[in-house]
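**Q** Before I ask anything, let me first share the structure, which is written out below as structure tokens.
The values are calculated or read from the model by the stated rules, or taken from the named source; none is laboratory data. All values derive from a computational prediction rather than experimental measurement. Note that we place each Cβ from the backbone using ideal geometry, even for glycine, and neighbour counts take in every protein chain shown.
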Amino acid sequence: MKWDVILAPYSQVVEELKVKLKGIRKQFEYESRHSPIEFITGRVKPIQSILEKAESKRIPLDRIEEELQDIAGVRVVCQFVDDIYTIVKMIHSRKDLTILEEKDYVSRNKESGYRSYHMIVEYPVETIHGAKNVVAEIQIRTLAMNFWATNEHSLNYKYKGQIPADIKKRLKRAAEAAFKLDEEMSIIKNEVQEAQRIFHRK
Ligand code: 0O2
């Protein structure tokens, strides 16, 4: 089967999840409440990346759809660490998807320094061939975590996964600094939110 055909339902899921998560953001705005969502992005993993990941994890081609859980990926970026858990709770209460797995790399970062909350969900979509349950990964992280992860991802790409030791060390320090920033912002969260409310009223 052609890749375009295989990936079509994944693309549909990414678009539908984005619409729904953006809906949450809008509802908070309409009620003039702090939105736990700053912005949302989504993507279908490029074919090249799918093949590379399958190879590195020794997944046979005919098992890719069953084994790779992040072909469809949606990212929710928040202002504050608390917001991450608000989103997690909201996703838990939804009836339009099933949570298969959760990875809390927020409270326990990965060895690289990476922090993010991952939810692997199963989401039903209607296709021209009938209903299909598609697995997708929702990554939830703060702006600071996102800044770090985006830069680290670029470096990983540049060095083909072999980031030199000195840069790795700096990245770990940067991850700690990003986390410190999140902690400091959490402490003055109420002040920031009040300022934002005043700003929005103007
Ligand atoms: P891309 O290019 O973003 O798609 P596991 O078997 O559970 O250890 P798996 O299945 O890769 O590994 O799951 P994991 O660790 O939850 O990672 C899934 C995705 O999270 C990655 O997809 C990245 O998007 C992100 N991620 C995980 N670890 C890191 C990290 O150390 N740095 C950065 N920047 N992102 C990370 P891909 O396919 O690796 O990459």
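**Q** Tally up the residues in segment 106-156 that are within 20 Å of Gln12 (Cα to Cα), charged (D, E, K, R) and within 13 Å of the ligand (Cβ to nearest atom), please.
**A** 1
**Q** So Met185 passes all but one of these: (1) surrounded by fewer than 17 Cβ atoms within 10 Å (Cβ to Cβ); (2) more than 17 Å from Arg108 (Cβ to Cβ). Which condition number does it fail?
**A** That leaves (1) as the condition not met.
**Q** So the check is Cβ under 7 Å with 6+ separation or different chains; which pairs have a first residue in segment 147-167 that's part of a loop (DSSP other than H, G, I, E, B) and a second one that's within 8 Å of the ligand (Cβ to nearest atom) and at pLDDT 95 or above?
**A** none
**Q** Check whether at least one residue in segment 169-177 is at pLDDT 95 or above, surrounded by fewer than 14 Cβ atoms within 10 Å (Cβ to Cβ), closer than 19 Å to Cys78 by Cα and not aliphatic (A, V, I, L, M), and report yes or no.
**A** yes
**Q** For residues that are of a type in the set (S, T, N, Q) and surrounded by fewer than 11 Cβ atoms within 10 Å (Cβ to Cβ), tally how many sit in segment 90-114. Steps first, answer last, please.
**A** So the first thing to find is which residues in segment 90-114 are of a type in the set (S, T, N, Q), and the list is 93, 98, 107, 109, 112.
When the remaining residues are screened for being surrounded by fewer than 11 Cβ atoms within 10 Å (Cβ to Cβ), the result is 93, 107.
Of the residues in segment 90-114, 2 are of a type in the set (S, T, N, Q) and surrounded by fewer than 11 Cβ atoms within 10 Å (Cβ to Cβ).
**Q** Take the residues in segment 60-89 that are of a type in the set (Lys, Arg) and free of Cβ contacts under 8 Å to residues at least 12 places away in the same chain, then tell me which one is surrounded by the fewest Cβ atoms within 10 Å (Cβ to Cβ).
**A** So in segment 60-89, the residues of a type in the set (Lys, Arg) come out as 63, 75, 89.
From what's left, free of Cβ contacts under 8 Å to residues at least 12 places away in the same chain: 63, 89.
On the way: Arg63: 12, Lys89: 10.
Looking at the filtered set, the residue picked out is Lys89.
**Q** Out of all the residues in segment 92-132, which are without any contact (Cβ under 8 Å) to a residue 40 or more places away in the chain and of a type in the set (S, T, N, Q)?
**A** The answer is Ser93, Thr98, Ser107, Ser116.
**Q** Quick check on my filter: what residues within segment 32-59 are surrounded by fewer than 18 Cβ atoms within 10 Å (Cβ to Cβ) and either in contact with a strand residue (DSSP E or B) (Cβ under 8 Å, 6 or more places away or on another chain) or of a type in the set (A, V, I, L, M) (or both)?
**A** If the condition is that a residue be surrounded by fewer than 18 Cβ atoms within 10 Å (Cβ to Cβ) and either in contact with a strand residue (DSSP E or B) (Cβ under 8 Å, 6 or more places away or on another chain) or of a type in the set (A, V, I, L, M) (or both), then Glu38, Phe39, Thr41, Arg43, Ile47, Leu51, Ala54, Ile59 are the ones that fit.
**Q** Regarding segment 24-44, can at least one residue be identified that is touching an Asp or Glu at 6+ places or on another chain (Cβ under 7 Å) and β-branched (Val, Ile, Thr)?
**A** So in segment 24-44, the residues touching an Asp or Glu at 6+ places or on another chain (Cβ under 7 Å) come out as 35-36.
Filter once more, so that each one left must be β-branched (Val, Ile, Thr): none.
Taking every residue of segment 24-44 in turn, none turns out to be touching an Asp or Glu at 6+ places or on another chain (Cβ under 7 Å) and β-branched (Val, Ile, Thr).
**Q** Does Lys180 qualify as being basic (Lys, Arg), farther than 19 Å from Val76 by Cα, under 21 Å from the mean Cα position of the chain (by Cα) and more than 14 Å from the ligand (Cβ to nearest atom)? Talk me through it step by step, then tell me what you get.
**A** Values: basic (Lys, Arg): yes; farther than 19 Å from Val76 by Cα: yes; under 21 Å from the mean Cα position of the chain (by Cα): yes; more than 14 Å from the ligand (Cβ to nearest atom): yes.
Answer is yes for this residue.
**Q** Which residue is farthest from Val5 (Cα to Cα), if the candidates are limited to segment 29-44 and must be in contact with a Phe, Trp or Tyr (Cβ under 8 Å, 6 or more places away or on another chain) and either within 16 Å of the ligand (Cβ to nearest atom) or not hydroxyl-bearing (Ser, Thr, Tyr) (or both)? Write out each step before concluding.
**A** Narrowing segment 29-44 to residues in contact with a Phe, Trp or Tyr (Cβ under 8 Å, 6 or more places away or on another chain): 34-37, 44.
Narrowing the set further to residues that are either within 16 Å of the ligand (Cβ to nearest atom) or not hydroxyl-bearing (Ser, Thr, Tyr) (or both) leaves 34, 36-37, 44.
Numbers: His34: 40, Pro36: 35, Ile37: 32, Val44: 13 Å.
The selected residue is His34.
**Q** As an exercise: evaluate Arg43 against (1) over 30 Å from Lys160 (Cβ atoms); (2) within 13 Å of the chain's Cα centre (by Cα); (3) basic (Lys, Arg) and give the number of the one condition it does not meet.
**A** The number of the failed condition is (1).
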